Amino acid sequence: MTARPLPALEEHRPETGLERYRWPLLFLGLIAVYLLFRHAWPAWATIPPEAWTERLPLPYFVFGEGFLPSLTFPGSNIADWFNAIVTFLREHEIFGLFVFKDFTRWLGGLTVYPLDFAEALVISGFPHRSIKIPFEIPAVPWVAAVGLAAILGYYAAGWRIALLAGGSLAYFALFNLWKPAMTTLSLVLVAAPIAAGIGLGLGILALKYRWLEKALWPILNLMQALPHFGYLIPVVVFVGLAHRSGAIATILFAVPVMAKVTMVALRSVPQEVMEAGVMAGCTPRQMLWSVRIPAARHTLMVGINQVIMLCLAMQVISSFIGARGLGIDLLFRLQNLQLGRALEIGIAIVLMAITLDRLSQALAEKEPEHRPEGPFWVVHPYLTAAGVVFLVGGLLAAFLPEAARLPRAMTISVGRSIDPVIKDVVAALYDPLSFIRDTLPAYVLVPLRDFFKAIPWTVFMALLALAGWRLGGWRMAAVVTLYVVFIVLSSWWTEFMVTTFLVFSAVVICVLFGFPLAVWASRRDSTTRAIAFLCDTFQTFPSFIYLIPCVMLFQVGTVSQLLAIVLYSAIPVVRYTVLGLRGVPQHIIEGAITSGCTPAQILWKVRMPIAVPEIMLGLNQTIMFGLFMVMIAGFIGGNNDLAREIFKAKAQNDAGLALLLALNVAFLGLATDRLIQAWAAERKKQLGLD
Amino acid sequence: MKPIKYLAAGGASAALFGLALAAGGAQAADPIKIPLHNWNSQLVGAEIVGRILEEGGHEVEYVPADSGAVYEAMCEGDIDLVHEVWQGAFGVAFEKQVSKGCVVDAATHDAKTREEWWYPAYVEEMCPGLPDWQALNACAAKFSTAETKPKGRFLGGPAEWLKKDDERVAGLEMNFQVVNAGSADALWAELAIASEKQQPIVLFNWTPNFIEAVYDGKFVEFPEYFEGCREDASKGINPNTTHDCGNPKDGYLKIGVWEGFPEKNPEAYAIIQKINFNNLDIAVMAKLVDVDKMEVEDAAAKWMDDNESKWRAWVEGSSS
């Protein structure tokens, strides 16, 4: 064990009274200045005036007669400027050669073949749409698919995973979800490898070219912070409205994680391993494929897992632009208030996510085995079993149509019988909850919303800049200020502040309820495991399902929106708090016990301070989840926020406006993200926990 | 290294290239793309239209699509037809594309549509004088909630449907505040619990719609719609404001197709031009799913069994 270096001496220099309170005083001073002069606060410094936002001197390229474009500054707002770019890419021939839109449509069209192929394999059989062959091959019968999944599970990690994989497929068949579930599966099976491949490729390129890595990080951060609808509309414009567009949007959504994980994984391969490779005389290509990538395998698998999860998380959203599968079925059931059936579909999505997650993890961790010698079925027992199952399933299906595709009469659905129960529960809760319905908006939420709407942009910007300065010096202050400048110039200030209000309130509620829950759960192993399971489940469970009960209990309005946001965004704060409290090094706990600390003291004086950086990262994630969910809560409605404006832009296919509004949300997220990360890093350093 | 690796890579890229070339040629045999939205009559109707086209020997493909974004997609040719174009909700988007020339107004159904403020029947007892709008305005306080106090709360449709309810409230100087639901789901969820609990509610609704089969209720009667009501302040009962009228009571329900479709597939276009649903058809389609709890395909099959002579005429009339 290496000795931890002592913290540098200067950090221990006692601070004088004024120095200690310098930052709090600055913040309070700023607020005091505003409060003192708020009546004299000029209007332009409160809400950004239209004169600024509508006539920005943004550069336009005008393609005229000549080969090179000429530059003009006619003055416009940012949304129009974005739209000018979109129109250019849509209609103009670049250098007289090709139209960008045609290129992207052609590229998107390529995904049709793998998608159709996967669909043909698992549901429709060949030939299928673009896969044209002169003879017919039926799809894999469901009985065979269940068996094959079980064998794959057993091969990967034993009977538990076998049961999970086979059971999930059997669930899809028995609950009459075979077709949509297999459509979703085929989409994930196409989108996930493509996304992982692109991410891996970007990561490898970034390893080679430092400048690319530097350029890529902010772009990837932005892509992750951008609300879905920001790029769904451009996807519709540039790829079209179709099943394949859903796949493309899913890929776009999943690539950043994989690229980031690849960069980190490849960079953090231990020096010793690299040196061994050099000594063995590896060429640069061998260094990459035979040394770095195998050494980073486990971290890379985390990335692939994340990709699979994100692909399933996109299922519902991508159905807005044409993706078939479980997502569209879910939306349809919700529209009809068939909550029970929606629940069954939600469970199907969770089952698929968990199965793919566990399977891919198990396959990645599987060490190569020594093969016994002998006949084929001894050397390849799993392949043989798979072949047998396939043959038996095929024969069964040939004689027994029920084995090929379970007829609907033989499927079950308990959804219909759950619906009345849900209705009764909601009706029983309705009156007792009237207290919250009536008082919370009147005394807390409406005044708080008005307060947020009244915060002048100058004060908002100054507060964030000050926080940036405190946590990361003038550079961070500058970056944060630039984010706010963009938002100010976007001309959606009031809507932006309403969104900020929703996220802020939701995060406060998440902490108020999630934090005590996590502290309680972290005390015992059993509750820790239970909470981890709940977090996993709720994170993959389609959040759209919450929306309906929220509306039934609290009407369309702020309370339902907040409840929906909280139900989803509380997950990270709970998860990370438990993780932080449980992850305190054992020797520190033992030290505390030997010093005679009571359990309460160990919790509050030892575990808690050490866990604070971790908890802050959880809070950070909660804010990110909140920013994601505030868009979904737009489907409840009731507030004039950015979500509502994005929906309007979506209905009019206004790609530029959608992108602008999405960037507003993304920049709010990026600003808070940077501030909290910097704060957590500083705390960790102080605690010597690096 | 291993030559087999390169061979495989070469083969794969050659195959991809071949597929890419095939993509260009595959255009002619494209299936007819029909959008699926998220309300029942549309889903059943889409299935019926699809089956009718299949009867006529055409291949169809269903594409889930946002009902707002679909007009732009039809303009691009990503979608071939929309068989439920509601004047109130989508008229503006549809007519914009028609005037651009990329969408063709193919046919008009007999069905008449209406979109208006609506209340479940039990509300009549709480607010005597309904369905008159002035009576509604007089008991606005009964509809108020914590977020709209002291004004009454009108639960409007999603903001992107652009129903101009705020303008109407101002135009008629009503004591109401419009709260826009974010989706149709939110509208029905709130109606479900309100009618269970007999709470006063007034919300956006339309006909033909499954709601009329499930809940008893009426539209609020506003001053009659007239030409210029939304543009000319001096006209209408309030001489100082625009939007001092209700929505038109007999809006159209149309079929729109992509401009390139008639040329590409004239036979299918001939069938589409004959397709004609009336109010009862649309209401039955919705009812089969919502009240009788049938699956969409079964509902479509049932309607086709019951109306065989009707749709046969559309198919056969065009092939002869």
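Which cross-chain or sequence-distant (5 or more) residues have an amide H under 5 Å from the amide H of B:VAL60, H modelled 1.01 Å from N in plane?
B:ILE32
Roughly how many whole Å is it from the C-alpha centroid of segment B:247-320 to that of segment A:201-261?
Each part reduced to its Cα centre gives a spacing of 41 Å.
To the nearest 100 Å², how much accessible surface do chains A and B cover up together, summed over both, with a 1.4 Å probe?
So the total buried area for this chain pair works out to about 5000 Å².
Restrict the search to segment A:324-388; then list the trypsin sites (Lys or Arg not before Pro) that DSSP places in a loop and that have at most 14 other Cβ atoms within 10 Å of their Cβ.
Details: sites: A:ARG324, A:ARG333, A:ARG341, A:ARG358, A:LYS366; in loops: A:ARG324, A:LYS366.
Qualifying residues, ordered by number: A:LYS366.
Might you work out the accessible area of A:VAL269 for me, using a 1.4 Å probe with all protein chains in place, and round it to the nearest 10 Å²?
In the full protein context, A:VAL269 sits at about 10 Å².
Give the accessible surface of segment B:114-219 per residue, rounded to a whole number of Å², with probe radius 1.4 Å and ligands, DNA and RNA excluded.
Accessible surface, normalised per residue, equals 35 Å².
Just to be sure I understand the curve: with the Debye formula and one point per C-alpha of segment A:432-575, what is log10 I(q)/I(0) at q = 0.12, 0.13 Å⁻¹?
The computed values of log10 I(q)/I(0) come out as -0.68, -0.78.
Tell me which of A:GLY340, B:CYS75, B:MET285 sits at the most positive position along the dipole axis of the protein assembly as shown, charges placed on C-beta atoms (Lys, Arg +1; Asp, Glu -1).
In the protein assembly as shown, that residue is A:GLY340.
At what distance in nm do the modelled label points of A:TRP23 and A:VAL388 sit from each other, each positioned 7 Å from its Cα along Cα→Cβ?
With each label placed 7 Å out from Cα toward Cβ, I get 6.7 nm.
Can you run phi through the Karplus equation (6.51, -1.76, 1.60; θ = phi - 60°) for segment B:53-65 and list ³J(HN,Hα) in whole Hz, with x for Gly and Pro?
Here the 3J(HN,Hα) series is 5, 5, 4, x, x, 10, 8, 10, 9, 9, 10, x, 8 Hz.
Pull up all non-local amide H partners of A:ILE636: gap of 5 or more, or a different chain, and H-to-H distance under 5 Å with H placed in the peptide plane.
Close amide H contacts, sequence-distant or interchain: B:GLY182.
Counting only residues 5 or more places away or on other chains, whose amide H sits under 5 Å from the amide H of B:LEU36 once H atoms are built in the peptide plane?
The list, which skips near neighbours in sequence, is B:VAL63, B:ALA65.
Check the straight Cα-Cα distances from A:LYS208 and name the lysines below 26 Å, setting aside those fewer than 8 residues away within the same chain.
Reachable lysines: A:LYS260, B:LYS2, B:LYS5.
Write down Rg/Rh for chain A, rounded to two decimals, with Rg from the C-alpha atoms and Rh from the Kirkwood relation over Cα pairs. Let's see the in-between values first.
Numbers: Rg = 27.9 Å, Rh = 28.5 Å.
Looking at chain A, the ratio lands at 0.98.
Using a 1.4 Å probe and counting only protein heavy atoms, arrange B:GLU72, A:GLU54 so the residue with the most accessible area comes first.
Ranked list, largest accessible area first: A:GLU54, B:GLU72.
Go through A:LYS650/B:LYS96; B:LYS164/B:LYS274; A:LYS648/B:LYS96; A:LYS650/B:LYS164; B:LYS33/B:LYS274; B:LYS96/B:LYS254 and tell me which ones have a Cα-Cα distance over 25 Å in this structure.
From A:LYS650/B:LYS96; B:LYS164/B:LYS274; A:LYS648/B:LYS96; A:LYS650/B:LYS164; B:LYS33/B:LYS274; B:LYS96/B:LYS254, over 25 Å: B:LYS164/B:LYS274.
Counting only protein heavy atoms and a 1.4 Å probe, tell me what percentage of chain B's accessible area is made up of carbon and sulfur.
About 53 percent, which is the carbon plus sulfur part of the accessible surface.
Given points 7 Å out from each Cα along the Cα-Cβ axis, report the B:GLU173 to A:ASP438 separation in nanometres with one decimal.
Inter-label distance under the simple model: 3.2 nm.
Please report the carbon-and-sulfur percent of the accessible area for segment A:468-609; probe 1.4 Å, protein heavy atoms only, DNA, RNA and ligands left out.
69 percent
Taking θ as phi - 60°, what are the ³J(HN,Hα) couplings along segment A:370-386 by the Karplus curve (6.51, -1.76, 1.60), each to the nearest whole Hz, with x for Gly and Pro?
7, 8, x, 8, x, x, 3, 6, 8, 5, 10, x, 6, 4, 4, 4, 4
How compact is segment A:74-149 by the rule of thumb for globular proteins, expressed as Cα Rg over 2.2 N^0.38 Å?
Normalised Cα radius of gyration, segment A:74-149: 1.86.
Name the residues of segment A:647-669, by number, that are at least 30 Å² less accessible with every protein chain in place than in the isolated chain; the surface is that of heavy atoms, probe 1.4 Å, without ligands or nucleic acids.
The answer is A:PHE647, A:LYS648, A:LYS650, A:ALA651, A:GLN652, A:ASN653.
For segment A:509-590, run through the trypsin sites (Lys or Arg not before Pro) and keep only the ones in DSSP coil with at most 16 other Cβ atoms within 10 Å of their Cβ.
Qualifying residues, ordered by number: A:ARG523, A:ARG524.
For A:LEU395 and A:GLU136, calculate 0.36 nm times their separation in residues minus their Cα-Cα distance, and state this gained length in nm to one decimal. If you can, show how the numbers build up before the last one.
Working: separation 259, 0.36 × 259 = 93.24 nm, distance 1.58 nm.
Answer, rounded to one decimal: 91.7 nm.
So which cysteines of the protein assembly as shown have no other cysteine's Cβ under 4.7 Å from theirs?
A:CYS282, A:CYS311, A:CYS510, A:CYS535, A:CYS550, A:CYS597, each lacking another Cys Cβ under 4.7 Å.
Between segment A:102-141 and segment A:356-403, what is the separation of their alpha carbon centroids in Å?
The two parts, judged by their Cα centres, are 25 Å apart.
Could you please put A:THR528, A:THR72 in sequence from largest to smallest accessible area, using a 1.4 Å probe?
A:THR72, A:THR528
Using each residue's phi in segment A:422-430, evaluate 6.51 cos²θ - 1.76 cosθ + 1.60 at θ = phi - 60° and report the 3J(HN,Hα) Karplus result to the nearest Hz, with x for Gly and Pro.
4, 4, 5, 4, 4, 5, 5, 7, 4
To the nearest 500 deg cm²/dmol, what mean residue ellipticity at 222 nm is calculated for chain A from DSSP H runs of n ≥ 4 alone, each contributing -39,500 (n - 2.57), summed and divided by the residues?
-23000 deg cm²/dmol
Given a Förster distance of 56 Å, report the FRET efficiency between A:ASP102 and A:THR594 from their Cβ-Cβ distance, rounded to the nearest 0.05.
My answer for the efficiency is 0.15.
Where does segment B:68-145 land on Rg(C-alpha)/(2.2 N^0.38 Å)?
My calculation over the Cα atoms of segment B:68-145 gives 1.65.
Could you rank the peptides B:100-113, A:637-650 by their average count of other C-beta atoms within 10 Å per residue, with the highest value first?
Working: B:100-113: 17.8, A:637-650: 25.1.
Final packing ranking: A:637-650, B:100-113.
Leaving ligands, DNA and RNA out of it, rank B:ASP216, B:ASP185, A:ASP102 by accessible area with a 1.4 Å probe, largest first.
Values: B:ASP216 120, B:ASP185 20, A:ASP102 85 Å².
These residues rank, largest area first, as B:ASP216, A:ASP102, B:ASP185.
Can you give the accessible area per residue of segment A:619-690, in Å², using a 1.4 Å probe?
29 Å²
Can you tell me the Rg and the Dmax, both Å, for the Cα atoms in segment B:114-219?
Rg and Dmax of segment B:114-219, Cα atoms, are 12.7, 33 Å.
The values are calculated or read from the model by the stated rules, or taken from the named source; none is laboratory data. Because the structure is a prediction, the values reported are computed rather than measured. Quick reminder, even Gly has a Cβ in these numbers, built from the backbone with ideal geometry, and neighbours come from all protein chains shown. With ligands, DNA and RNA removed, areas are computed over all heavy atoms of the protein, side chains included. Shrake-Rupley method; radii C 1.70, N 1.55, O 1.52, S 1.80 Å.
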